[in-house]
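See structure below.
The values are calculated or read from the model by the stated rules, or taken from the named source; none is laboratory data. The model shown is predicted, which means the values in this text are computed figures rather than measured ones. Backbone-built Cβ (ideal geometry, glycine too); neighbour counts: all protein chains shown. Quick note on the areas: whole protein, heavy atoms, side chains included, nothing else; ligands and nucleic acids left out. Shrake-Rupley method; radii C 1.70, N 1.55, O 1.52, S 1.80 Å.
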Amino acid sequence: MDTEDIEKLNGFLDKDVEIREKIKEQVNELDKKARTMVGILNRVHSTQSEALPPLLDSVRPVLLSCHDTISQLASIVPGNQFWRWKDMWTNSLRTAVFSAVMVEYLTKRDLVSLQGVSDTLGFKAEWADRVALPAEDYLHGVISLVNDLSRLAVNSVTLGDFEEPVKISIFVKDLFAGFSMLNLKNDVLRRRFDSLKYDIKKIEEVVYDVSLRKLTTSSKESKGTAGGDIEK
Amino acid sequence: MPTPIQHDRSVLLAHFESFRTEIDDYNDRRERLIKASRDITNLSKKVIFLLHRIALENDDTSYARAAKRGFAKLCEVQNIYAGLSHELAGDRYWRYQRQVSPGLQEYIEALSFAHYLQHGTLISFQTVQRSLSSPDGVPYFSLTVSDYLLGLSDLTGELMRFAISGLSSHKGGRAKATQVCAFVRACKADFEHYTPFVPDLRKKQAITSQSLEKIEDAAYTIVVRSSEYDLPPEILDDIVAQSISRFSDRSQKHARGFEDGLGEDDAQEGPC
C-alpha cells in the first residue's frame, strides 16, 4: 500500500470512530429517556382509570424531549448513512415508539400512525437519509403495545375495571388483522408477530371470565333478558 | 349498550396495507440483490481461475496476458454493478450492505489479482472505486473501506497459490515466489493496522498468516537448495518440484487442522 492510500484509509476510519462515539453519547441519552417513560408507564397497571390522565401527562414531556436527541443524531450521521448506523439506536427507539403508542392508546383509544409517532418523537422528513422511523421499528413498538395490553387486561380487572378488557380485546383483534396482512420474512418481527396469538388468547380469557360472571355493563344490562351475550 | 370503539378499523387496516407494500418492496429488492451478488461471486471466481490458468503458461508475457483477459472478463461484473446502481442509490447501499458485500469482496479479490499480475502492486482504493464508476466517473455506489480491505485480504490466498504453483511450472517461478513472499508480508503488515476497525479482518489475517507461511517455506527451499550446490536451473527445477510435492502433503494436513479449529472461511484455502 502506498502512503497516500494508507493516509486516506486512516482518515476514513478515524472519522468513523469519531461518529460512532458521538452517536453513542446520544443513544445513551435516548436510552435514559426511553427507560424513564417505560418506568412511568409501568404504573398504568396499578392506576385507577380516573388517575390515568395525570400519569400520562407526566410521560408527554419526556416524549417531547426526544426531539433534542433525534435532531442531534441527524446532525451527527453523514448523509445517506442512516442504515449504516441505525442499529446503534434501534432498541432505544423501539422502546420510545412503544411509549408513544401506549400513551396515545390510553388517551384516545386509537392507534397512532407511523407519521404520528414520527412527529411526536421529532423526526423530520428532510433527515430521512440520516435519521428516520422505519416501518419495522414502528411495528415492533406496536407489538410491544399488544404485549403490554394483555397484562393491562388482567390488571384492570384486578383494579375493578371490567370494561377495559373488552375494549382492549376489540382493539387488539383489529391490530392482529392488520399484522396478518403483512408478508413477513423469517425475522424477529415475524417471531414476535407469531407470539401475538398468546396475548390475544390471554385477553380473551379475561373477557370470557368477566362476561361469564356478568361483570361488564353490557352483560349486566342483558341480565334480565334470557341468556345474555354469552350464548350468542 | 355495546362498548364504544374509538378506533376506526378501516383506517387502521389501511395503515397496514401501506406497510405491506413497503415490506414487500424491501424483500423483493433484497432478493434481487442476493441473486446479483451470487452471480458476481460466480463470475469473479471464474476470473480468478482464468488468471491462474493463463499466468502459469510458461512464457514471458503470461502475466500481462492473464491480466488483460482478466480485466476484460471483469467488465461483465462491472456491467452488473452498473445495472444495480439504482437499487443501491442514496441510503440503500447501507441498507443492503450485507447482501452486497460478499459479491463485492470476491470482485475486489479478482480485480486486485489481475492488477497484481499487471503491475506487481496492490490496487489502490481509488482504482477499485474507479472500476465501479460509470465512464464519466460517477460511482455506482461508494466503496467502503471494509469491503476494500476484506477483498484484498482474500488476495493473499490467491497469491500463495500463484507463487507455489508457479515454482514448478513457470521458469521465472522461483524469482516470482520470492517477490510474492515479500509482497504478501507487506500486505499482512499493512492490514494488521486496520484489524481494530474492520470486523472480520482479524479472522482473515489469520488465513493470510497461513498463506504467508506456506510461501515462506517454499522460498526457504529455494534458498537452501540453490546455495548448497552450484546447479544448473533445470536440475534445480527438479529438486524444487520434489520438495513441492512433499510440501503440499504437509500443507494439506495444515489446512485440515485449521478447518477443525476455526471452521469456515476457506474461500481461499483449498488444494494448491
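Note on B:Val138: accessible area approximately 80 square angstrom, rounded to 10, probe 1.4 Å, nucleic acids and ligands left out. Separation of the stretch B:101-164 from the stretch A:50-125 is 42 Å, based on Cα centroids. Multiplying the residue separation of A:Lys32 and A:Asp194 by 0.36 nm and removing their Cα-Cα distance gives an extension gain of 55.4 nm. Going by accessible surface with a 1.4 Å probe and the largest first, B:Tyr140, B:Tyr194 read B:Tyr140, B:Tyr194. With springs only between Cα atoms under 10 Å apart, run a GNM on chain A and tell me which of A:Ser46, A:Ser150, A:Ser169 wobbles the most. Maximum among the listed residues: A:Ser46.
Largest GNM mean-square fluctuation across A:Thr217, A:Thr107, A:Thr120, computed for chain A with C-alpha springs under 10 Å, falls on A:Thr217.
The dipole here belongs to the stretch A:10-142: it is taken about the Cα centre, uses +1 on the Cβ of Lys and Arg and -1 on the Cβ of Asp and Glu, and is about 200 debye.
Here A:Arg151 and B:Gln129 are evaluated by their C-beta separation; at R0 = 56 Å the FRET efficiency comes out at 0.60.
Taking 0.36 nm per residue of sequence separation and removing the Cα-Cα distance, the B:Glu17/B:Asn79 pair yields an extension gain of 18.7 nm. Give me the summed buried accessible area for the B-A pair, 1.4 Å probe, to the nearest 100 Å². In total, this chain pair buries about 3800 Å².
Using a probe of 1.4 angstrom and keeping all protein chains present, the accessible surface of the stretch A:15-169 works out to 41 square angstrom per residue. Dipole check for the stretch A:121-178: with +1 at the C-beta of Lys and Arg, -1 at the C-beta of Asp and Glu, and the Cα centre as origin, the magnitude is about 40 Debye. Solvent-accessible surface of protein heavy atoms, probed at 1.4 angstrom with all chains present, puts B:Arg202, A:Arg109 in the order B:Arg202, A:Arg109, largest first. Among the listed pairs A:Lys86/B:Lys46; B:Lys73/B:Lys203; B:Lys46/B:Lys203, those whose Cα-Cα separation exceeds 28 Å are A:Lys86/B:Lys46; B:Lys73/B:Lys203. With the simple model of a label 7 Å out from the Cα in the direction of the Cβ, B:Thr195 to B:Asp25 spans 4.4 nm. Here the contact order of chain A, divided by its residue count and restricted to Cα pairs under 8 Å and six or more residues apart, works out to 18 percent. The angle between the Cα long axis of helix A:52-76 and the longest principal axis of the Cα atoms of chain A comes to about 20 degrees, rounded to the nearest 10. Among A:Leu175, A:Asn155, A:Ser195, whose Cα lies farthest out toward the positive end of the dipole of the stretch A:130-206, if unit charges sit on the beta carbon of Lys, Arg (+1) and Asp, Glu (-1)? It is A:Ser195, whose Cα lies furthest towards the positive end. What's the angle, to the nearest 10 degrees (0 to 90), between helix A:135-158's Cα axis and the longest principal axis of chain A? With both axes taken from Cα atoms, the answer is about 30 degrees. Computed per residue of the protein assembly as shown from DSSP H runs no shorter than four, each worth -39500 (n - 2.57), the mean residue ellipticity at 222 nm is -25500 deg cm²/dmol.
Length gained on full extension, A:Arg109 to A:Glu25, computed as 0.36 nm times the residue gap minus the Cα-Cα distance: 26.7 nm.
Short-range pairs are left out: with C-alpha atoms under 8 Å and at least six residues apart, the relative contact order of the stretch A:1-110 is 40 percent. Counting only protein heavy atoms and a probe of 1.4 Å, the accessible surface of the protein assembly as shown is 52% carbon and sulfur. Using 1/(1 + (r/R0)^6) with R0 = 60 angstrom and r between the beta carbons of A:Leu55 and B:Glu213, what's the FRET efficiency to the nearest 0.05? The calculated FRET efficiency here is 0.35.
In the stretch B:182-229, which residues become less accessible by 20 Å² or more once every protein chain is in place, relative to the chain on its own, using a 1.4 Å probe? At a threshold of 20 Å² (probe 1.4 Å), the residues of the stretch B:182-229 that become less exposed are B:Asp190, B:His193, B:Tyr194, B:Phe197.
Each residue was assigned an accessible area with a 1.4 Å probe, and for B:Leu159 the value is about 0 Å².
Along the axis of the charge dipole computed for the protein assembly as shown (Cβ charges of +1 for Lys and Arg, -1 for Asp and Glu, origin at the Cα centre), the listed residues A:Val103, A:Pro134, B:Gln210 are led at the positive end by A:Val103. Between helix A:164-180 and chain A there is an angle of about 50 degrees, using the helix long axis and the longest principal axis of the Cα atoms. Straight Cα distances below 21 angstrom link A:Lys108 to the lysines A:Lys167, A:Lys173, with same-chain residues fewer than 8 positions distant left out. Compute accessible area for the stretch A:82-120 by itself and then with all protein chains, 1.4 Å probe, and report residues whose area falls by 10 Å² or more. Output list: A:Trp83, A:Arg84, A:Asp87, A:Lys108, A:Arg109, A:Asp110, A:Leu111, A:Ser113, A:Leu114. Farthest towards the positive end of the charge dipole of the stretch B:15-95, among the residues B:Ala89, B:Val77, B:Asn27, is the Cα of B:Val77, using unit charges on the Cβ of Lys, Arg, Asp and Glu. Ordered from largest to smallest accessible area (heavy atoms of protein chains, 1.4 Å probe), the residues B:Ser227, A:Ser180 come out as B:Ser227, A:Ser180.
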